[in-house]
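The next block holds one structure in the form of structure tokens; read it before the comments.
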Amino acid sequence: MKILLIAGARPNFMKIAPLVHELKARSKTQGAWRKKLGLKSRELEYKIVHTGQHYDYEMSKVFFEELDIPEPDFFLGAGSGTHAVQTAKIMTVFERVCLQEKPDVVVVVGDVNSTLACSVTAKKLNIKVAHVEAGLRSFDMTMPEEINRIVTDSVSDYLFVSEKSGIDNLKREGKNRKQIFFAGNIMIDTLYYGLKKIENKKLRKSEIEKKILSPELHAPGTMRHADSYAVVTLHRPSNVDDKDKLEDILLALKKISEDMDIYFPVHPRTEKNINDFKLNYLLEGSSIKVTPPLSYLEFLSLWRDAALVLTDSGGIQEETTVLGIPCFTIRENTERPVTIKKGTNVLVGTNGKGILKAYKRFKKGRIKKGRVPKYWDGKTAQRIVKILIAHK
Ligand code: UD1
């Protein structure tokens with residue numbers, strides 16, 4: 001059985017890592033088990049395809065190194081571009097890979113342009129498609145990721161769902177129940193893996209903290225090593241591509257930073273816009289500590305001890321729920337409703353007023369307590385690989 005694992009953008013790398021580890025372990029034990037029984041070994045073969053959607057070291061390669069993912073077998077070199085250009089580039093090169101490799105299954109994760117491009121390409125070649133993190137819906141078609149999710153699910157043969165809402169959404173869209181598998185949240189496999197790595201490698205941890213806290217990474221300002229601090233990430237085009245919106249959000253962050261330090265690893269898109277819109281004045285001289293994009297372990301070691309996380313990312317809403325850290329999601333909606341229903345996540349909207357209103361409640365100690373959702377237990381990759389092998 002031959003599997004191609006697809007990853008292209010930053011949030012994909014932590015989702016393929018547990019699958020790579022599980023497939024590696026399985027292919028070894030499967031071989032030994034079959035040999036013992038004198039059976040002809042049917043190889044479990046897997047290859048990694050990196051589309052190149054994200055290419056900077058901090059956005060890509062460092063994740064492979066830290067999460068023990070081997071070098072990709074194929075690098076498609078897609079790079080940046082408009083959605084159509086990026087998607088088309090990935091499709092064109094990935095089609096050649098499929099024709100050469102003839103895989104049985106292509107596994108795509110998440111909701112980025114690489115997910116859509118590779119699922120559609122594979123399906124048109126009659127190759128089975130497995131989508132990990134299927135069924136999530138924000139019901140907001142202005143979000144490119146929502147379009148990617150819907151299209152990917154519509155061509156997928158195996159739909160691996162991370163939360164119950166995914167099952168409901170897919171059933172509503174007419175998917176066959178037999179194709180839907182409640183496998184759990186794959187990112188949480190990586191979260192536990194990363195936490196263990198940080199604990200095991202004390203030296204590494206101190207290095208990470210040194211880098212995060214090193215003054216040269218920060219905007220000039222007062223350097224307080226306060227006990228409680230917040231962490232912010234912002235990259236969604238709807239928040240950062242409009243000057244007024246970005247300014248309003250940064251103003252709210254500046255206000256919060258009067259109470260506690262804020263660490264702000266800046267996505268390239270956001271950095272570019274802050275410069276283009278001349279909004280640096282809001283960061284300079286404040287307690288907002290700006291850093292370049294961080295590696296997975298650096299970022300984890302930072303946010304896991306934060307008092308508060310503010311983000312417009314998808315995955316961070318889930319990760320904070322697992323570690324019980326309050327999360328303000330700077331969006332009007334979320335495709336991950338379980339983080340609101342059961343977790344520590346609160347939707348605060350996309351303007352400064354909403355952020356500060358939620359912060360006021362937080363400051364008064366009105367902090368949401370949460371529970372860990374079902375199957376967010378670090379064993380999702382095991383369940384997925386078992387299902388893929390059983391169904392072949
Ligand atoms: C993509 C995903 C988004 C995900 C995010 C995480 C889609 C539609 N969006 O958005 O869901 O949450 O990744 O980071 O797939 N750039 C660099 N270096 C890189 C990559 C990009 O500088 O390694 C810059 C380029 O100028 C590019 C911009 O960042 O134009 C945006 O990159 P792109 O891949 O288009 O989308 P993201 O905003 O990163």
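If you take the charge dipole of the chain about its Cα centre, with +1 on Lys and Arg Cβ and -1 on Asp and Glu Cβ, which of Met14, Ile288, Ser165 is farthest toward its positive end? Farthest towards the positive end: Ser165. For the pair the range 344-371 and the range 42-119, the centres of their Cα atoms are 37 angstrom apart. Placing a label point 7 Å from the Cα of Lys392 along the Cα-to-Cβ direction, the residues of the range 7-22 whose backbone N falls under 17 Å from that point are 19-22. Across every direction, the projection of the convex hull enclosing the Cα atoms of the chain has a mean area of 19.2 nm². Spin-label model, Ser154 to Arg172: label points 7 Å out along the Cα-to-beta-carbon direction sit 1.7 nm apart.
Once both labels are positioned 7 Å from their Cα atoms along Cα-to-Cβ, the gap between Val85 and Lys102 label points is 3.7 nm. Between Lys374 and Lys341, residue separation times 0.36 nm minus the direct Cα-Cα distance comes to 10.6 nm. Maximal additional length on extending the Glu43-Glu332 stretch stands at 99.4 nm, based on 0.36 nm per residue less the C-alpha distance. Net charge of the neighbourhood of Phe139, taken over other residues with C-beta under 10 Å away and scored Lys/Arg +1, Asp/Glu -1, is -2. Projecting the Cα atoms of Pro72, Ile389, Tyr263 onto the charge dipole of the chain (Cβ charges, centred on the Cα centre) puts Ile389 farthest toward the positive pole. For the chain, set up a GNM with springs between Cα atoms under 10 Å and report which of His83, His131, His50 has the largest fluctuation. Its mean-square fluctuation being the largest, the pick is His83.
Helix content alone sets the calculated 222 nm mean residue ellipticity of the chain: runs of n ≥ 4 DSSP H residues at -39500 (n - 2.57) each, divided across all residues, give -14500 deg cm²/dmol. If R0 is 41 Å, the Cβ-Cβ spacing of Phe75 and Asp242 corresponds to a FRET efficiency of close to 0.75. Between the beta carbons of Met1 and Glu258, assuming R0 = 45 Å, the FRET efficiency works out to 0.20 to the nearest 0.05.
The accessible area of Glu45, taken with all protein chains in place and a 1.4 Å probe, comes to roughly 70 Å². Kirkwood hydrodynamic radius computed over the range 231-355 comes to 14.5 Å, based on all pairs of distinct alpha carbons. When the pairs Lys61/Lys196; Lys128/Lys175; Lys178/Lys342; Lys171/Lys357; Lys342/Lys363; Lys89/Lys123 are compared against a 25 Å limit on Cα-Cα distance, Lys178/Lys342; Lys171/Lys357 fall above it. Taking each residue as 0.36 nm, the span from Lys353 to Asn126 lengthens on full extension beyond its C-alpha to C-alpha distance by 76.7 nm. As a fraction of the 1.4 Å probe accessible area of the chain, surface on carbon and sulfur atoms comes out at 54 percent.
Dipole magnitude for the chain: about 1760 debye, using +1 per Lys or Arg Cβ and -1 per Asp or Glu Cβ, origin at the Cα centre. Convex hull volume per residue, computed on the Cα atoms of the range 24-157, equals 130 Å³.
The values are calculated or read from the model by the stated rules, or taken from the named source; none is laboratory data. Quick caveat, the model's predicted, so the values are computed rather than measured. Every residue, glycine among them, receives a Cβ derived from its backbone with ideal geometry; neighbour counts consider all protein chains shown. Ligands, DNA and RNA are excluded from the accessible area calculation, which covers all protein heavy atoms including side chains. Shrake-Rupley method; radii C 1.70, N 1.55, O 1.52, S 1.80 Å.
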